[in-house]
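Asks: Would you mind keeping the following structure in view while I ask a few things?
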Amino acid sequence: MKLYIGADLVPTEANLTAYRSGDLSDVIDPSLTALLKSADCRIFNLECPLTEGGTPIEKCGPALRAPADAVNGLKALGADFVTLANNHILDYGEEGLADTRTALADAGIACAGAGEGVHRSGVYKFTADGVTLGIYCCAEHEFSITAPDLPGAVPFDPADSLADVIGLKEICDRVVVLYHGGREMWQYPTPQLRARCHDLVKAGADLLICQHSHCIGCEEVVNGSTVVYGQGNFHFDLPDEQSDLWCTALLLEVNVTADSVSADPIPLRLEGHRLTLANDADAAAILDGWRMRSAALADGSYLKKYDEMLAENADYYLSCLSGNYFSGFIPRAINKLTGGRYKKRKLAHMYDREALLRLVNYMECETHREVLTEILRRSLHKSER
């Protein structure tokens, strides 16, 4: 069984006409489309709802969507399955998610990873060439996550997710996990993300792919299973995002037998508004970087990059808290003289609804919380010196 697995796919203003018509020849090179169609199954992460209805939910960050007929572009790619377990699938609420599932069903495209508040909606399996493959889809905790009374994306849970993977392994020959999480625009896993992935491998994942970072990361082999930390985008064309990190990606060619799973990276590049297979020079450079980062992961030297990332983001994360703003003598005196009105006005200015939503996100999302906690710990150590 041969699969092609691509990462984040979002029809945008740059290519929406093509996706709606189903003629992608101007935005995706036909040689790439032909390659995709040579596989038994094509899998993508659909990073937005397909809807023209619904109301944007309260969240920090952009609310993404594309019209339901953009599914014609997914059909043109030959998409057989999409994961909906990501941080944008609930951007337009229950209606947006329901419209998405309907559009996919009408197009004959299977999906998993978002549903009615149960972890089982993250599970999908199919059989080809006499091999049964199970797929488990989950996402880190952001605003799209399901709740008991609200449909949404399936969250990673240390107990339920591992139990679902164990259950899939019992009824399938091989299991692939699509995990939506990690630090955006950073090419390594955080230590805790790496630990979570190792746990999923121990539970039975033969191949685990982390999506969401919007950049190519690295890989490692754990107990004979491959873990990929970041493929980059598949097709997410934003005019304001033209960096190499954003515009290069890996399509994974996955070969599955009853005895093994292998994943080989195929470099892609977004050139202007056209997604293509990378040329020989680009492909060599992309894969050299991939191997270099994978080696750094293996020998532990990536932790220096982790330290640098924490230092670079410390001011940003700490500015979101500003918990000691009123601890000085002058702010306390002014607050007392104004009967507390000064503090209320300042709090309203510092922590408006957007700021509060951002803090909720940083506290609930595993990777944001991990980074923030580590920054606070290191700040505490500095204050003790």
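Values quoted throughout were computed directly from the atomic coordinates according to the rules given, and no laboratory measurement underlies them. Note that the coordinates shown come from a computational prediction; the quantities given were computed from them, not determined experimentally. When we count neighbours, we look across all protein chains shown, and the Cβ atoms used for this are built from the backbone with ideal geometry, even at glycine.
Asks: Return a whole-number percent for the relative contact order of the chain, with Cα pairs under 8 Å and 6 or more residues apart as the contact set.
Replies: Computed value for the chain: 15 percent relative contact order.
Asks: Tell me which label goes with the value of mean projected area of the Cα convex hull in nm² computed from the coordinates here: (i) 18.3; (ii) 21.2; (iii) 22.7.
Replies: (ii)
Asks: Where does each of 26-37, 182-193 land if you order them by average Cβ count within 10 Å, highest first? Walk me through the numbers on the way to the answer.
Replies: Numbers: 26-37: 15.4, 182-193: 20.1.
So the order, starting with the most tightly packed, is 182-193, 26-37.
Asks: Could I ask something else about it? Using 1/(1 + (r/R0)^6) with R0 = 56 angstrom and r between the beta carbons of Glu170 and Asp352, what's the FRET efficiency to the nearest 0.05?
Replies: Details: r = 49 Å, r/R0 = 0.88.
Given R0 = 56 Å and the Cβ-Cβ separation, E is 0.70.
Asks: Under 12 Å between C-alpha atoms is the cut-off here; go through the chain and count lysine pairs that meet it, provided they're at least eight residues apart or on different chains.
Replies: Numbers: Lys2/Lys37; Lys37/Lys75; Lys125/Lys169; Lys169/Lys202; Lys336/Lys344.
Lysine pair count for the chain: 5.
Asks: Ok, one more. What full-extension length gain, to one decimal in nm, is calculated for Ala281 and Asp264 as 0.36 nm per residue of separation minus the Cα-Cα distance?
Replies: Details: separation 17, 0.36 × 17 = 6.12 nm, distance 1.80 nm.
Here the segment from Ala281 to Asp264 would lengthen by 4.3 nm.
Asks: Hey, another quick one. Please list, in order along the range 73-82, the HN-Hα scalar couplings obtained from phi with the Karplus expression 6.51 cos²θ - 1.76 cosθ + 1.60 (θ = phi - 60°), rounded to whole Hz, x for Gly and Pro.
Replies: With the stated coefficients, the range 73-82 comes to x, 5, 4, 5, 6, x, 4, 9, 8, 10 Hz.
Asks: A further question follows. Based on Cβ point charges of +1 for Lys and Arg and -1 for Asp and Glu, what charge dipole magnitude is obtained for the chain about its Cα centre, in debye rounded to the nearest 20? Don't skip to the end; give the middle numbers.
Replies: Values: 36 positive and 54 negative charges, 381 e Å.
Roughly 1820 debye for the chain.
Asks: Place a +1 charge on the Cβ of each Lys and Arg in the range 1-48 and a -1 charge on the Cβ of each Asp and Glu, then give the dipole magnitude about the Cα centre in debye, rounded to the nearest 20.
Replies: Details: 4 positive and 7 negative charges, 49 e Å.
Dipole of the range 1-48, to the nearest 20 debye: 240 debye.
Asks: Related question: If one takes the longest principal axis of the Cα atoms in the chain, at what angle in degrees, from 0 to 90 and to the nearest 10, does the Cα axis of helix 302-319 lie?
Replies: So the inclination is approximately 50 degrees.
Asks: Same structure again: Taking the Cα centre of the range 74-185 as origin, work out the dipole magnitude from +1 charges on Lys and Arg Cβ and -1 charges on Asp and Glu Cβ, in debye rounded to 20. Please report the intermediate quantities before stating the final value.
Replies: On the way: 7 positive and 17 negative charges, 80 e Å.
The calculated dipole for the range 74-185 is roughly 380 debye.
Asks: For the ranges 82-92, 289-299, what's the packing order if you count other beta-carbon atoms within 10 Å of each residue, average per peptide, and put the highest first? Mind showing how you got there, number by number?
Replies: Working: 82-92: 28.4, 289-299: 15.6.
Most protected by this proxy first, the peptides run 82-92, 289-299.
Asks: Could you state the angle between the C-alpha long axis of helix 280-299 and the longest principal axis of the C-alpha atoms of the chain, as a value from 0 to 90 degrees rounded to the nearest 10?
Replies: Computed tilt is about 60 degrees.
Asks: Compute the separation of the alpha-carbon centres of the range 360-378 and the range 48-126 and state it in Å as a whole number.
Replies: 28 Å
Asks: Turning to a different aspect of this structure: Show the residues, 5+ positions off or on another chain, whose built amide H is closer than 5 Å to the amide H of Cys111.
Replies: Val82
Asks: Compute the acute angle (0 to 90°) between the alpha-carbon long axis of helix 191-203 and the principal axis of greatest extent of the alpha-carbon atoms of the chain; round to the nearest 10°.
Replies: Tilt of helix 191-203: around 40 degrees.
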